[in-house]
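The values are calculated or read from the model by the stated rules, or taken from the named source; none is laboratory data. As the structure is a prediction and not an experimental result, all values here were calculated from the model. A quick note on method: Cβ atoms are made from the backbone with ideal geometry, for glycine too, and the neighbour counts reach across all protein chains shown. What goes into the accessible areas is simple: the full protein's heavy atoms, side chains included, and nothing from ligands, DNA or RNA. Shrake-Rupley method; radii C 1.70, N 1.55, O 1.52, S 1.80 Å.
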Amino acid sequence: MAKVPKKILNDPRNVVTEMLDGLALANDGRVERLDGKDILIRTDLPDSKVTLLIGGGSGHEPIFHGFVGQNMGDAAACGQVFAAPSPDTIMDAAMAAHRGKGILFLYGNYAGDNMNFDIAAELLEEEEGIDVRTVRVNDDVAAAPPERADDRRGIAGDIYAIKVAGGAAEECDTLDEVERIARKAVGNLRSMGVAVAAGSIPETGKLTFELADDEIEIGMGAHGEAGIAKQKIASADDVADQIMEKILDDMPLGKGDEIALMINNLGATTMMEMLIVNRRVRQILADRGTIVHRTDVGTFLTVQEMAGFSITVMKLDDELKHYLDLPARSVGLSNM
Amino acid sequence: MKELTDSQVVEMLRQVSKAVIANVDVLTDADLATGDGDHGIGMRRGFEAALEVLVPGLSVQDAFKKTGMAIMSKTGGAAGAVFGTFFRGGASAFADAQTLDAARFANFLALSAQAVSKRGGVEEGAKTMVDAVMPAARAVGAEASDDLLAVFTAAERGALEGVEASKPMIATTGKARSLGERSIGHPDPGAISVSIILGAMKSYAASL
């Protein structure tokens, strides 16, 4: 008998709208919800800037809508749980956030997001004459081999991509330049995760996949998409080794290379486990002489109550470092 | 029966919407096998929105267009884009038409199939709703009848054959893609939705 997951909610059909109200309020005035739509937008948008529009399905909080603010997304178009936002929502968000210098769409590479953002981009260009560019995050090395990198999903690498592109959109004068920097960030991102237990969609009350009590799945996607293989539960060091081997096969790192490192909680994993994993990852990197410029261990992209974590590496140069490190405050990225 | 009036088309699309909404659990369970299980609730959101715009007085073309726009606006996800495109993409087949007849419906289905395939960037064989839409369009073409009930019956049969044909396929797009060979044996939930939509058209025509 499948257990019905416990969640403290009101009407499960209203989770997205109630969550967005709460999220806007939690930003203490820096962000507001747009006219009751599923859109969050900065309240401190400058009169003239290149616009960074982010977005995707809800249910992965704090991403995406938790990363709206200065040096991050200017607005976020939010879909229902695990479902891309509609073209209407994306267009409304784009029109509200546009400040005359074009818009970069930055989102995770999923069929639904690609289609809905593409429809919105076509309409914005045809009907409003707005220059729209698209950069899709495809950091999940488990999803496809390197020669089919376009088939890779976007997972926690989204956060570093948003941080870099957001900084660039704040400081750079042209959409060309912001697009170039965002593409470089995405090209330097690699991630992979492990699932220990499933999460569930509030409205269906059903777990999105099944794992036996003694099983884990390495490489599983952010919606429970199948990973590389199910296996018996293993030690933190062993799992970290397996994930880092895949990441480093894909993007070799050597002596003197600098990276940003993220250990992301998929929802229900303890900070203690993630810190133990971080210890092992640092041993692996130290053995190679790779320098960790910055570490982010925390909860950035979740899959409801899914247990597990992902490891993200972004190879840095001076330009990426500069934009990544610009100050930002939001519910997703506190600088307390 | 050779044709449906504009008000009958509105009523037929309302019956289609209700049929999809009534099958939310079937679609959820089908999607849980290969995806994340949100297909049913997404389709329910979209077709509930369609019911709100399907009001008396619409032309045949507008009834299909507005249904597609409502679905695209409210469903979200891949399903919103492709099922919105399904209803909108072929609506030009009814331009200036006072009625829906077999020839226009065949044209609609052929245009919709092309539009959906283009929007999704997929051909047949990828284990998607295209695997139901294409055979439905072919079945209607082969039926070459001017009797609407016969045409809708052929469309549903083509879609159901597509649902069956999708079972042994390996998904190459969408969230099921990562399952690879593990997707074998399960029908595509979007293909099931197509068969429900065309089946509801047949049931409506049969009830007249």
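Starting from residues that are outside any helix (DSSP H, G or I) and open to solvent by 10 Å² or more (accessible area, probe 1.4 Å), keep the ones in region B:30-67 and report whichever is nearest to the other protein chains (Cβ to nearest Cβ).
B:Asp38
B:Ala150 passes all but one of (1) more than 16 Å from B:Gly199 (Cα to Cα); (2) more than 15 Å from the chain's Cα centre (by Cα); which number fails?
Condition (1) is where B:Ala150 drops out.
Go through region A:115-150 and report how many residues are within 20 Å of the chain's Cα centre (by Cα), acidic (Asp, Glu) and open to solvent by 40 Å² or more (accessible area, probe 1.4 Å).
Number of matching residues: 2.
Outside any loop (DSSP other than H, G, I, E, B) and within 26 Å of B:Leu13 (Cβ to Cβ): is that true of B:Ser178 in this structure?
No; evaluated as a whole, the condition is false for this residue.
From (1) modelled with pLDDT under 95; (2) out of contact with any His (no Cβ under 8 Å at 6 or more places or on another chain), pick out the condition that doesn't hold for A:Asp74.
Unmet condition: (1).
Just one of B:Gly84, B:Gly89 is open to solvent by less than 10 Å² (accessible area, probe 1.4 Å), under 30 Å from A:Lys37 (Cα atoms) and small (Gly, Ala, Ser); which is it? Quick ask: steps written out before the conclusion?
Details: B:Gly89 fails: open to solvent by less than 10 Å² (accessible area, probe 1.4 Å).
Checking each option against the conditions leaves just B:Gly84.
Please indicate, with yes or no, whether at least one residue in region B:94-116 is within 14 Å of chain A (Cβ to nearest Cβ), open to solvent by less than 10 Å² (accessible area, probe 1.4 Å) and under 17 Å from the mean Cα position of the chain (by Cα).
Taking every residue of region B:94-116 in turn, at least one turns out to be within 14 Å of chain A (Cβ to nearest Cβ), open to solvent by less than 10 Å² (accessible area, probe 1.4 Å) and under 17 Å from the mean Cα position of the chain (by Cα).
With the requirement that a residue be part of a strand (DSSP E or B) and either surrounded by 17 or more Cβ atoms within 10 Å (Cβ to Cβ) or within 8 Å of chain B (Cβ to nearest Cβ) (or both), what does region A:217-229 give you?
Once the filter is applied, which keeps residues that are part of a strand (DSSP E or B) and either surrounded by 17 or more Cβ atoms within 10 Å (Cβ to Cβ) or within 8 Å of chain B (Cβ to nearest Cβ) (or both), region A:217-229 yields A:Glu217, A:Ile218.
Answer yes if at least one residue in region A:72-89 is touching a residue at least 40 places away in the same chain (Cβ under 8 Å), more than 10 Å from chain B (Cβ to nearest Cβ) and surrounded by fewer than 22 Cβ atoms within 10 Å (Cβ to Cβ), and no otherwise.
No.
State all residues of region B:168-182 that are among the polar types (S, T, N, Q), at the interface with chain A (Cβ under 7 Å from one of its Cβ atoms) and surrounded by fewer than 19 Cβ atoms within 10 Å (Cβ to Cβ); if no residue qualifies, say none.
The one that is among the polar types (S, T, N, Q), at the interface with chain A (Cβ under 7 Å from one of its Cβ atoms) and surrounded by fewer than 19 Cβ atoms within 10 Å (Cβ to Cβ): B:Thr173.
I'd like the residue in region A:141-170 that is assigned to a loop (DSSP other than H, G, I, E, B) and touching a residue at least 12 places away in the same chain (Cβ under 8 Å) and, out of all such residues, is nearest to A:Leu106 (Cα to Cα).
A:Gly154
Based on this model, can you work out whether A:Asp47 counts as open to solvent by 50 Å² or more (accessible area, probe 1.4 Å), away from chain B (no Cβ under 12 Å) and over 20 Å from the mean Cα position of the chain (by Cα)?
Spelling it out, A:Asp47 is indeed open to solvent by 50 Å² or more (accessible area, probe 1.4 Å), away from chain B (no Cβ under 12 Å) and over 20 Å from the mean Cα position of the chain (by Cα).
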